[in-house]
Each structure stands twice: as structure tokens, then as C-alpha cells.
1. Looking only at residues in the range 342-382 that are basic (Lys, Arg) and closer than 17 Å to Tyr192 by Cα, which one is farthest from ligand 1 (Cβ to nearest atom)?
2. Out of everything in the range 103-128 that is polar (S, T, N, Q) and touching a strand residue (DSSP E or B) at 6+ places or on another chain (Cβ under 8 Å), what residue ends up being surrounded by the fewest Cβ atoms within 10 Å (Cβ to Cβ)?
3. Which one of these does Glu275 not meet: (1) buried (at least 22 other Cβ atoms within 10 Å of the Cβ); (2) more than 15 Å from ligand 3 (Cβ to nearest atom); (3) modelled with pLDDT of 95 or more?
4. Please enumerate the residues belonging to the range 53-82 that are part of a loop (DSSP other than H, G, I, E, B) and in contact (Cβ under 8 Å) with a residue 24 or more places away in the chain.
5. Kindly evaluate Arg371 against the criterion of being in a helix (DSSP H, G or I) and in contact (Cβ under 8 Å) with a residue 40 or more places away in the chain.
6. Quick one: in the range 18-39, of everything that is modelled with pLDDT under 95 and of a type outside the set (Asp, Glu), which residue is surrounded by the fewest Cβ atoms within 10 Å (Cβ to Cβ)?
7. Out of the residues in the range 464-485 that are surrounded by fewer than 17 Cβ atoms within 10 Å (Cβ to Cβ) and assigned to a strand (DSSP E or B), which is nearest to ligand 1 (Cβ to nearest atom)?
8. Could you please find all residues in the range 433-458 being of a type in the set (Lys, Arg) and over 26 Å from the mean Cα position of the chain (by Cα)?
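The values are calculated or read from the model by the stated rules, or taken from the named source; none is laboratory data. If you're wondering where the values come from, they're calculated on a predicted model, not measured in any experiment. Neighbour counts are summed over all protein chains in view; Cβ atoms, including those assigned to glycine, are modelled from backbone coordinates with ideal geometry.
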Amino acid sequence: MRIVGIEGTAWAASAALYDAETDDVVIESDPYEPDSGGIHPREAAEHMGSAIPEVVSTILDHAASTASEDGDGLDVDAVAFSRGPGLGPCLRIVGTAARALAQTLSVPLVGVNHMVAHLEIGRHRSGFESPVCLNASGANAHLLGYHDGRYRILGETMDTGVGNAIDKFTRHLGWSHPGGPKVERRAKDGEYHDLPYVVKGMDFSFSGIMSAAKDAVDDGVPVEDVCAGLQETIFAMLTEVAERALSLTGTDELVLGGGVGQNERLREMLASMCEQRGADFYAPEPRFLRDNAGMIAVLGAKMYAAGDTVEIPDSSVDPNFRPDEVAVTWRGGDESVVRDPTASGTIRGAEATVTIESDRVIKRRVPKAYRHPALDDRLRAERTRAEARLTSAARRVGVPTPVVYDVDPAEGTLLFQRVGDDDLAAALSEERCRAVGRHLAAVHDAGFVHGDPTTRNVRVDGERTYLIDFGLGYHTGHVEDHAMDLHVFKQSVAGTAADAEPLLDAVESGYAAVGDGAVLNRLREIEGRGRYQ
Ligand SMILES: C[C@@H](O)[C@H](NC(=O)OP(=O)(O)OC[C@H]1O[C@@H](n2cnc3c(N)ncnc32)[C@H](O)[C@@H]1O)C(=O)O
Ligand SMILES: Nc1ncnc2c1ncn2[C@@H]1O[C@H](COP(=O)(O)OP(=O)(O)OP(=O)(O)O)[C@@H](O)[C@H]1O
Ligand SMILES: [Fe+2]
């Protein structure tokens, strides 16, 4: 089977030929490089208009010269194209080119989600079964895992994509687009500079760190140092949320996708994190990380083999096409990223190792080799201190939590009472989800957030539901922070439960019984926010 792929969501006009028998991928790309500023949608579309026919024609020449002799014409079975997400004017040009080619060749058309293609190329080339995927691209930053027939978004940026955040910083400096590779080069000559670090469960945001980075340069901090601080901070955030996703799902396979994945420091940090926790890590070669038609052709082949083609009248493009909207036809419905955790003796969480004894547990935030030592010391001490304080504060307002027997912030250790028989992840029920909703409302009412309420950070026994792991918590009265806390919990339920709806309703009804209605309204708004900026 041979598939032609066409890509052109933003900057890369690209065509490819994938031969499923030999697994060969030939890619021809022509990048759009803005003269000044960032990507201008109109200029990008003009580029697509002239460059797409040329790259397609090069690939068709290649198809003609390699067609099997007994085959018919070009020996191409289908045309796959990027349907979205991306810039509307660019997508429309790609869609038109793909439809015309499919009709000329009299072959079916396959409409591919670009973000799922970034993920599937890593899964395909690694041979991993059901990995967590970190997509670190220009316009996106999210964690995906397959469960119950769809790719679930386990965590994502709350504002811009990671590449766009870096590119905005370099525009402030007057550097040409794209900024990512330039920051990588300059960071090599810099010293680490402290910047804000923002992780909420498996979600994260870049706006605070980007304005702090711009201010630092304006205040005279050497630009190399800001670049080093920026990379160390942003990539540590991405590595931490990837580790949280591994811990939550129980899987031990991670793949990387997206243009920012070409950054060596990011790959090094992810590899180091996986090595430290005994997981397997795979990053495709750079030509498959940045936008390219090869990944579109490879996923196109899997979809075509599953009969997942699209008729021309139904093949419109979708600039906001989210990966969790894709009905996955090419994987088994019972495959899943979620594994049974084998909890015994010492548990390895995302942040800490926890040793369970008969009536007490010892939690130690181990130094993370992937993090810059200054950032690592800061985060471990801050979080250990916050965890001790807020675990006790929650108990004082009637939320069941373990008693804190001892704390040593410098060593990053805590000694707790042992509570519960199971993690909520292994014992989900509506009643327990309702209790978590009530507990979060009580915590918010007391003026702080949990910071990482997931189904693994709730312990349950017969009648009680305990909150644990307050390390990412902080004092705040903002409705937005309270709503985010609730959103993180709902996302962890939705990402791992088979029939999540009644559980999610129970969380909200528990919250509504005790908490502030304004928080639930804000939650609606957060859930409805489009995050492609
Ligand atoms: C929807 C689609 O159009 C979009 N595509 C996209 O963002 O292009 P991609 O090739 O995946 O990523 C480009 C980004 O990747 C960054 N980048 C490239 N090389 C880099 C490096 N060495 N270090 C850091 N960032 C790098 C660039 O600065 C730019 O922001 C997406 O996948 O989100
Ligand atoms: N007080 C406790 N009583 C019983 N079990 C506990 C207690 N504290 C932790 N555990 C167990 O250890 C696991 C990991 O603990 P914890 O969540 O505090 O670590 P972590 O590294 O911060 O994890 P993550 O960041 O992945 O949520 C919990 O999911 C739970 O199963
Ligand atoms: Fe991309």
C-alpha cells in the first residue's frame, strides 16, 4: 500500500509518499519564513498556494519513478491530508489540493487530525503499544493517552502553545521567526536564571513566565541567562507533567511529538526522567517532529486500512479540530493507556517515593536529575513545606487528611499517618466523587487550593474519602484558581474512567452542595475555552 500525504496547517508546505510494505517515507517540504514578526496567516496562505503544487509534483514524480511495473499508473492507493487544527486559509488550500489529487488519481481521500499524526508517528516508529504522548509544538502543548476508543487530553496548556510562547519572547527581542532554535543556541552560553514555574495538576501555563522573561531582559539580565532559565523552567514543567501522566495512567512508555521536540535539552530532560523511573522514552527523528507530510501519510495509511476514508462533500477542514474529537478507527477499542498499578512496599509517585509501613508512610521528594539543581532544590523545599501546612489546614476545616507527624523541607521528607485502603483511581464511585467535590469546596472556602487533585491523590476506605498530596497547593481566593482545581480533578476522572459522565456530575453536585456557585460558572467557562492561540 502506498499513500500520498499533504501537510500545510501553518508554515510547512509538505508532501510525502509512504510505502507501508517497506515502511519508507519520502518527504518534500518548503517552509514559509516570515520576513519580520511571526506567522502572518495571509502570507502563509500565499506561500501554501505556490509551494503545495510544487512539493506535490516532486512527490508524484518520485511515485512515478518507483511505481511497481505490474501496478496501475503511480501505484498510489489514497491521498491523506491535514484537516486541522491550523490556520483556516492554509488548511483550505491543502484541502483543495488533496481533493483535486484524489479525483485525478481516482483514489479515496483520508482526512487526518494533525495533532494525532504528531502522536501516531512516534507510536509507529517506536513500536510502543499504548504510550502517553507529549505533543510540544508551536501552537499546542498537551498530553494524550488512548482510552476507550479516543485520545484523551490528560493535560494541556491553559494559554498558548509552547513554541508560540518562545517565539513571542524572541519577537520581543527583535529576533526572526522561528525563535525556538535561537533560544536553544543562546542558552548554551548562559547561566540559569530563576523564573516563575506554573503547573496545576497536569495543566500548565506560560503567560507568567513569558512576561517575567521579557522583564528580565528589559532589566538588563544577560539574554543568554534568560534563555537558559526559560528552557530550564519551561521544559522542566513539560517533563513534570509528562511524569505525572505516566504516574496517573500507570504506563511506562512515553513518546514525544511536535516541532519543539527538536530541542536537545527537552529530549535530554524527558529521557533522564524516564530513565530515573524505569520507563521507555522515544523521540522520532527531527524530520518527523516538525510539521511534515510524512506523519500525515503514515497515519493516513492506518486510517485507509481501517476503511476510514472521507467522501469529498464531507471533507471540509476544521481549524479547531481537537485530538479528542477523533473517532479512532485504527486501534482496538479495548486497548488503553491505563495500566494496573502494582502498588507494593515502595510506591513511586510522579514527584516522590512513598514507603508504606503498617500505620505510617514516609514520603521523600527525591532530587530529579532532569531539573537544574537550583530549580530542583527550590521546588522540593517549597512543596514539602506547602504539603505539611495545607494537609493540616484542610483537617482543621473538616476535610479528612492524614496526620502529619514530621517534616524536613531541606531533605524533602514528610512522615504521615497511613490512611485509606485504596486510591480512588482503583475504587471510583459516584458517592466518593461527590465527597471529593464537597472536600474541595471546603478547602476553597478556607482560602486555598489543593493544586493537584487527581484520582491518585484521594485515598478511600469503607466510609471515608481522604485528600492527600497537597504539595502543589497554595493560598488563593480567586474564583479562577478554585475552578481550575475542580477542572483538574474532573480531567483526571475523565481521562481514566470508562463511563465518566455520572462521576463528573457527582463531583459537581458535591461541590454545589457546599461551595460557591460562581466557581461552577467559571468552570463552565474554562471547559469551553478554545486553547489554540
Ligand atoms: C497546528 C500546526 O500548524 C502546529 N504546527 C507547529 O507548531 O509547527 P511545529 O513544526 O510542530 O513547531 C514549530 C515550533 O517549534 C519551535 N522549534 C523549532 N525548533 C526548536 C528548537 N530547537 N527548540 C525549541 N523550539 C523549537 C519553533 O520555534 C516553532 O514555535 C502545531 O502542531 O501545533
Ligand atoms: N498517607 C497515606 N496513606 C496511605 N497511602 C498513601 C499516603 N500517602 C501516599 N500514599 C500512597 O502513595 C501514593 C503516592 O503518594 P503521593 O501522591 O503523595 O506522591 P506523589 O509522588 O506526589 O504522587 P503524584 O505526584 O503522582 O500524585 C498515593 O497515590 C497513595 O497510594
Ligand atoms: Fe505541528
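1. Checking each candidate, the answer is Arg378.
2. Ser126
3. (1)
4. Result: Gly73, Leu74, Asp75, Val76, Asp77.
5. No: the conditions fail for Arg371.
6. Step one: list which residues in the range 18-39 are modelled with pLDDT under 95, which gives 33-39.
Checking which are of a type outside the set (Asp, Glu) leaves us with 34, 36-39.
Working: Pro34: 15, Ser36: 9, Gly37: 11, Gly38: 15, Ile39: 20.
Per the criteria, the residue is Ser36.
7. In this case the residue turns out to be Tyr474.
8. Passing the criteria: Arg434, Arg438.
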